[in-house]
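Shown next, in structure tokens, is the structure this report addresses.
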Amino acid sequence: GAGVSQSPRYKVAKRGQDVALRCDPISGHVSLFWYQQALGQGPEFLTYFQNEAQLDKSGLPSDRFFAERPEGSVSTLKIQRTQQEDSAVYLCASSKGQPGTDTQYFGPGTRLTVL
Amino acid sequence: GQNIDQPTEMTATEGAIVQINCTYQTSGFNGLFWYQQHAGEAPTFLSYNVLDGLEEKGRFSSFLSRSKGYSYLLLKELQMKDSASYLCAVRGGTDKLIFGTGTRLQVFP
């Protein structure tokens, strides 16, 4: 079956531009996560949805970052007025949302470069 | 605070065995995951431990000691394709994963 997909795979933005990153989770997966991965580092948590409810947004670095999942499937991460420090790979992961193992499966990521 | 430590880089020879260690201090513990990540690609799931002991899956095994806050990933019969970063991640009191910085493994012929 299809895995997690993300688009675009690469995005170059000028400082100050707004960007929108899309995530299509595995069909039927209830939970959806966004992570930010800087070069040479592990992923860092940004935000988490269970269906359409955003249950945790404690990792969003500033109010320029906004995420939504209006119908409980596709999610969009929006970054307003991009800054150079926003340059990173943005990873999306989904899981069944069941107790126990509940493995998160990752998409290929969107590499954002802010000039 | 929350802290996960793993070595930054390791090297090994094709056909050998390598052990990648991970120590953690987190508020709450609800399982430890290992992921493999090739450069420019998505992290892929390798193993999950929530109880103490060894979990074996083919050439890969993972061990957990909750009392020591310690895990390791053991890779046997190394192949060139095993050259990648290996990420240790803990699910704490919530559903999010807390990752270490990753261990970059280089396998030489």
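Here is the figure for region A:25-45: residues that are touching a residue at least 40 places away in the same chain (Cβ under 8 Å) and open to solvent by less than 10 Å² (accessible area, probe 1.4 Å) total 6.
Can you give me the number of residues within region B:84-97 that are assigned to a strand (DSSP E or B) and either open to solvent by 40 Å² or more (accessible area, probe 1.4 Å) or facing another protein chain (nearest Cβ under 7 Å) (or both)? Steps first, answer last, please.
Filtering region B:84-97 down to residues assigned to a strand (DSSP E or B) leaves B:84-91, B:97.
So of that shortlist, the ones also either open to solvent by 40 Å² or more (accessible area, probe 1.4 Å) or facing another protein chain (nearest Cβ under 7 Å) (or both) come out as B:87, B:97.
Counting residues in region B:84-97 that are assigned to a strand (DSSP E or B) and either open to solvent by 40 Å² or more (accessible area, probe 1.4 Å) or facing another protein chain (nearest Cβ under 7 Å) (or both) gives 2.
Assessment of region B:80-89 against the conditions (among the acidic types (Asp, Glu) and within 15 Å of the chain's Cα centre (by Cα)) yields at least one matching residue.
Of all residues in region A:28-63, those satisfying the criterion of being within 22 Å of A:Leu115 (Cβ to Cβ), under 14 Å from the mean Cα position of the chain (by Cα) and assigned to a loop (DSSP other than H, G, I, E, B) are A:Ala38, A:Pro61. Just one of the listed residues (A:Ala93, A:Ala53) is within 13 Å of another protein chain (Cβ to nearest Cβ) and within 24 Å of B:Asn49 (Cβ to Cβ), and it is A:Ala93. Might you check whether a residue that is farther than 16 Å from B:Arg91 by Cα and either away from every other protein chain (no Cβ under 14 Å) or free of Cβ contacts under 8 Å to residues at least 60 places away in the same chain (or both) occurs anywhere in region B:22-35? Checked against the condition, which is being farther than 16 Å from B:Arg91 by Cα and either away from every other protein chain (no Cβ under 14 Å) or free of Cβ contacts under 8 Å to residues at least 60 places away in the same chain (or both), region B:22-35 yields no hits at all.
Consider A:Glu71 carefully, then state whether it is away from chain B (no Cβ under 12 Å), among the charged types (D, E, K, R) and either assigned to a loop (DSSP other than H, G, I, E, B) or under 12 Å from A:Val4 (Cβ atoms) (or both). Here the answer is yes, as A:Glu71 does meet what is asked.
The values are calculated or read from the model by the stated rules, or taken from the named source; none is laboratory data. Not measured: the values here are computed from a predicted model. FYI the Cβ positions are ideal-geometry reconstructions off the backbone, even for glycines, and counts take in every protein chain you see. Areas reflect the complete protein model, heavy atoms only, side chains present, ligands, DNA and RNA absent. Shrake-Rupley method; radii C 1.70, N 1.55, O 1.52, S 1.80 Å.
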